[in-house]
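Note sheet for the following structure.
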Amino acid sequence: MSTERTTLERVEAGLARRRRKELLFKLTGMFATAIGVVFLGVFFTTLIVKGSSAFQQTFLKLDIELSEAVLAPDGELDVRYADFDGLVRTALRAQLPEATSRVDRRALYRLVSVGASYQLRDLVATNPELVGTTQTLWVPASSNVDMFIKGDIDAEADEALRPLSDQQISWIRSLDEAGRIDMRFNSALFSNGDSREPELAGIKGAVMGSFYMLLVTITLSFPIGVAAAIYLEEFAPKSRWSDLIEVNINNLAAVPSIVFGLLGLAVFINWMGLPRSAALVGGLVLTLLTLPVIIIASRAAIKAVPPSIREAALGLGASKMQVVFHHVLPLAMPGMLTGAIIGMSRALGESAPLLMIGMVAFIVDVPGGFTDPATALPVQIYLWADSPERAFTERTSAAIIVLLGFLLVMNFAAVILRKRMERKW
Amino acid sequence: MTMTAMTETSTDNPEPIPAPVTGSSKEVPVSREIVLPAYPGQHTELGEKTVGNVTCDNPFMIAEDVNVYYGDNHAIQHVSLEIGKKQVIALIGPSGCGKSTFLRCLNRMNDTIETARVTGLITLDGEDIYRKEQDPVALRARVGMVFQKPNPFPKSIYDNVAYGPRIHGLAVDRAELDNIVFSSLERAGLLKEVKDRLDEPGTSLSGGQQQRLCIARTIAVNPEVILMDEPCSALDPIATARIEDLMDELSEDYAIVIVTHSMQQAARVSKRVAYFHLGLLVEVDETNKIFTNPQHKLTEDYITGRIG
Ligand SMILES: Nc1ncnc2c1ncn2[C@@H]1O[C@H](COP(=O)(O)OP(=O)(O)OP(=O)(O)O)[C@@H](O)[C@H]1O
Ligand SMILES: [Mg+2]
């Protein structure tokens, strides 16, 4: 054989090396993907394992005598001052008569949530005719009972180190044996505002706060963002100024969100005098935050409209405005809406700027408007994650699940919208 | 002059452009920069006038010493040309010679290109179309345009044709609009094919049908001049033949300016032919004269296939 190598031989000589490189690259890619998937899996599993129990809550069955003597001592029923607490306690004592000393009784009362008397009050307020009867009711147990039933408190542990005494545990067991303890759907989680008592704490206040904020954000940022994008893409003369604006908008999209919070604090609260902790201010700050995202997405969508469509319309004698509103906007709309939804989901998950404008306060009432003190879902998560009680830990995870659910729905909506509005040309 | 030499000319080599075969015998040193300009009888210092006859009876649009610059690129140089009423004029020439650029001057589509600058005088029916008071929107209603690639709007067939009349307020009621749409489709030879599917998107038609839809859309505005930039380049011979027939019919009412790369098409549809070369208008004449007896060497080279 001659020393001259043919082309084929040269190619074949290099082939093994090429294949090796390809394989290595493929493996690296698979490894990277696998790591991502594993982390995601761990994240979701821990979240669900920790959070799913919060959707269930322990209830106690009590036979409560709505005695007229207690509720209306002067013959007049006033639900604001009536001693519902006393009724609940009486029922509890009747259930477990062995607790006689003051200390024992106090330990006994701690088995039931203060929510029980609120529940009783609401019941009597809506049905005053029940006064004088005895009602069998399921009332919320205290969070410690709840934790014990869910297996989060170890009965074998040192008594001094757990929140329930041996006595209380034996009471719970006897109630359980009597069929007076049950796990039910935790509707309080969705119908209550925040509370110091974990078993009464809910996310409704935070959800409504987030809702009002997003309403402000979308009504401001979408029209402003789209108008700015149209102006910059279609009308603004190309100059050093427009370049400068473009660079700044892109930079703005990368500014840490907490900076927007500081800006909001300085401008909206200190200078314009808007109320602290209000959804209105939160919405304004999130508008600043999402505006660059929407402008960038909208400009990309406008750029993607084929120039031939513009030329066709211009050639027919359409004015610039008509070209934009009759042709460019309808074609760019799916992209713009997708951008808006992505901006909104970013706004929904944002917490740092809200801390700066006082939306981190402990607020029990569900906000009823834009200027009411409010908090937001991610901030609520932050607040609960900060609470030491075990019962708040599971609620933190539950709130995260709800937040992720909202985000999932929004991103899904973006996909569907894009699919439905996409037109071929 | 051989083909290789010509190719060099087009690649920025200041190869002198050869003198006409007949006509002026004086050797003019010609560079790529400024040459061959001028209105009939009018010579610039360096140049020589366009060969043939740039005038016509009954001119409707007149271009006089038109220059177009894209930034520093002098894309159209001292072009003067008359466009007659009820007549088809074909613009031919090698790629990049400025046919589209000149065409787009006639309805001010160049206004939409930021770097483009147009000088000289272009009149429509005696009025300067670049004068201050002239609204380009109104001009484009009078000078319609059909593009190289069919570009129907992503709307229904009906809405495509109705769009122009709608924005210009040409129809007072739905019946009149229907009338305009149907007659335009009829004249574009498309009505038979689409009358049962007017609600379907214009983009669902075949390429040839789409181009006829675009023509229908243009004539629905009832323009006085129609500009066509290689309207058949994306079409098969059958669709091309239909559109050529259509041009024949339309030329009874409109002035038509068509850019084409097909000598045969130019020969079939046009009454006059203008040959462009590197931004210069080299020769203009009656179609049969250009194809049987070109005056300029460049024209001859081009139509015999030596440049292209
Ligand atoms: N939008 C533009 N910006 C800058 N230069 C341009 C632009 N359009 C065309 N030109 C330049 O102007 C010259 C003429 O272009 P034009 O499109 O008029 O050629 P054409 O004769 O239509 O060619 P073709 O037959 O390939 O369509 C070319 O050199 C081209 O590079
Ligand atoms: Mg062209």
Worksheet entry | Among (1) assigned to a helix (DSSP H, G or I); (2) within 14 Å of another protein chain (Cβ to nearest Cβ); (3) free of Cβ contacts under 8 Å to residues at least 60 places away in the same chain, the one test that A:V305 misses | (1)
Worksheet item: For B:Q42, are the conditions met, namely being at pLDDT 90 or above and either away from every other protein chain (no Cβ under 14 Å) or within 16 Å of ligand 1 (Cβ to nearest atom) (or both)?
Response: no
Response to the item:
Flagged pairs (Cβ under 7 angstrom, 6 or more apart or on separate chains; first in the range B:49-77, within 14 Å of chain A (Cβ to nearest Cβ); second more than 16 Å from ligand 2 (Cβ to nearest atom) and open to solvent by 10 Å² or more (accessible area, probe 1.4 Å)) are B:G71/B:T115
Worksheet item: Taking the range A:308-317, which residues are closer than 15 Å to A:F235 by Cα and within 7 Å of chain B (Cβ to nearest Cβ)?
Response: A:L314
Item to complete: Quick one: which residue in B:L205, B:L170 is more than 9 Å from every other protein chain (Cβ to nearest Cβ) and more than 28 Å from A:M321 (Cβ to Cβ)?
Response: B:L205
Worksheet item: Which condition number does B:S262 fail, the rest of (1) away from ligand 1 (no atom under 16 Å from the Cβ); (2) open to solvent by 20 Å² or more (accessible area, probe 1.4 Å); (3) of a type outside the set (D, E) being met?
Response: (1)
Fill in: Selection count where residues are of a type in the set (A, V, I, L, M, F, W, C), surrounded by fewer than 19 Cβ atoms within 10 Å (Cβ to Cβ) and within 16 Å of ligand 2 (Cβ to nearest atom), scope the range B:45-89
0
Worksheet, complete the sentence: Pairs returned, first residue in the range A:326-350 that is not assigned by TED's automatic domain parsing to the domain that holds A:I381 and charged (D, E, K, R), second residue that is outside any helix (DSSP H, G or I) and open to solvent by less than 10 Å² (accessible area, probe 1.4 Å), beta-carbon separation under 9 angstrom, 6 or more apart or interchain, are none
Practice prompt. Being of a type in the set (D, E, K, R) and either open to solvent by less than 40 Å² (accessible area, probe 1.4 Å) or at positive phi (or both) is the filter here, so list the residues in the range B:232-254 that pass it.
Written response: B:E244
Item to complete: Filter the range A:327-337 for residues that are surrounded by 20 or more Cβ atoms within 10 Å (Cβ to Cβ) and over 16 Å from A:E233 (Cα atoms) and give the result.
Response: A:L337
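Yes or no, residue by residue, for (1) within 16 Å of ligand 2 (Cβ to nearest atom); (2) under 26 Å from A:F235 (Cβ atoms); (3) not polar (S, T, N, Q):
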position: B:L91; (1), (2), (3): yes, no, yes
position: B:K99; (1), (2), (3): yes, no, yes
position: B:F102; (1), (2), (3): yes, no, yes
position: B:L106; (1), (2), (3): yes, yes, yes
position: B:Y130; (1), (2), (3): no, yes, yes
position: B:V146; (1), (2), (3): yes, no, yes
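The values are calculated or read from the model by the stated rules, or taken from the named source; none is laboratory data. Remember, predicted model here, so these are calculated numbers, not experimental data. Quick reminder, even Gly has a Cβ in these numbers, built from the backbone with ideal geometry, and neighbours come from all protein chains shown. SASA here: full protein model, heavy atoms, side chains in, ligands and nucleic acids out. Shrake-Rupley method; radii C 1.70, N 1.55, O 1.52, S 1.80 Å.
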